[in-house]
1. Quick check on this structure: which one of R112, R152 is at pLDDT 95 or above and in a helix (DSSP H, G or I)?
2. Out of the residues in region 1-60 meeting the condition of being of a type in the set (A, V, I, L, M, F, W, C) and at pLDDT below 95, tell me which one is surrounded by the fewest Cβ atoms within 10 Å (Cβ to Cβ).
3. Examine region 78-92 for a residue that is within 16 Å of ligand 1 (Cβ to nearest atom) and either surrounded by fewer than 13 Cβ atoms within 10 Å (Cβ to Cβ) or assigned to a helix (DSSP H, G or I) (or both), and state whether such a residue exists.
Amino acid sequence: MPDFQIKELEPSNPEWVKAVLADFDEFLKDHADCERKASGMAMSLVAKYPDRDEILDELIHTGIEELDHFRKVFWIMRERGVPLNRKMNKDAYVDQLLKNIRGGRDQGLLDRLIIAALVENRGFERFKLIAENCKDPELVKFYDLIYKSEARHGEMFLRLALNYFDQNTVEQRYNEMVDIEGKILASLPIGPVLH
Ligand SMILES: [Fe+2]
Ligand SMILES: [Fe+2]
C-alpha cells in the first residue's frame, strides 16, 4: 500500500464540536443527509466513468457502505424520535469544492477523486472529535465506528487515482486542494452540521 506524502487538513475550529454537542438531534439530521449524499457521490462516479473498470468495484462497494452508514444514523434517529429532514440541506462546502474540478476527462476524474478523499478525511477528523468529546455511550460507540470507516475511505480514493495518475501528481493536487478546503470550511458558519 502506498504511503502518501500529503498535508494534514487544517484542524476544525473548537467551536464546531461545541455547536454539535449543543444540538445533537439537529446534527444527526444533517449527518444522515451527508451519508446518503456520500453514497450518491460514489455512484455518480460510476455513472460518469463506467469504462474505468479498475475502480468500479470499490466505488460500488463504497456506495453501499455509505448507504449502510445512512441506515445506521437513521436507526439512531428513529430510536430518539428525531425525524429525517423533509428536504436535504444544500451542502455549500461540497458545492464549493466541486467548483474546483478542472476541465478534461482525466483531470476531472483526478479532481473528483481528490475531492472525495478530502471530504472523507474531513469526515474522519470531525467524527473523531465527536467520538472524543461526546458523553453519550451509544453515540461514542457509533462515531468511533464511523470515523474509522471514513479514514479507510479517504485513503481509498487516493489509491484509486493511482490507477491513472502517478503518485506525485496525486499528492500535488491533493496538497493544493487542502489549502482550498481549509479556506472553504473557514468561510462557512459554524452550526450543528457536519460542514
Ligand atoms: Fe460514511
Ligand atoms: Fe465515507
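The values are calculated or read from the model by the stated rules, or taken from the named source; none is laboratory data. Just so it is clear, the structure is predicted and the values come from calculations on it, not from any experiment. We place every Cβ from the backbone using ideal geometry, glycine too, and count neighbours over all the protein chains shown.
1. From the options R112, R152, the qualifying one is R112.
2. Step one: list which residues in region 1-60 are of a type in the set (A, V, I, L, M, F, W, C), which gives 1, 4, 6, 9, 16-17, 19-22, 24, 27-28, 32, 34, 38, 41-43, 45-47, 55-56, 59-60.
Restricting the remaining residues to those that are at pLDDT below 95 gives 1, 4.
Values: M1: 5, F4: 16.
Going through the qualifying residues, I end up with M1.
3. No, region 78-92 contains no residue that is within 16 Å of ligand 1 (Cβ to nearest atom) and either surrounded by fewer than 13 Cβ atoms within 10 Å (Cβ to Cβ) or assigned to a helix (DSSP H, G or I) (or both).
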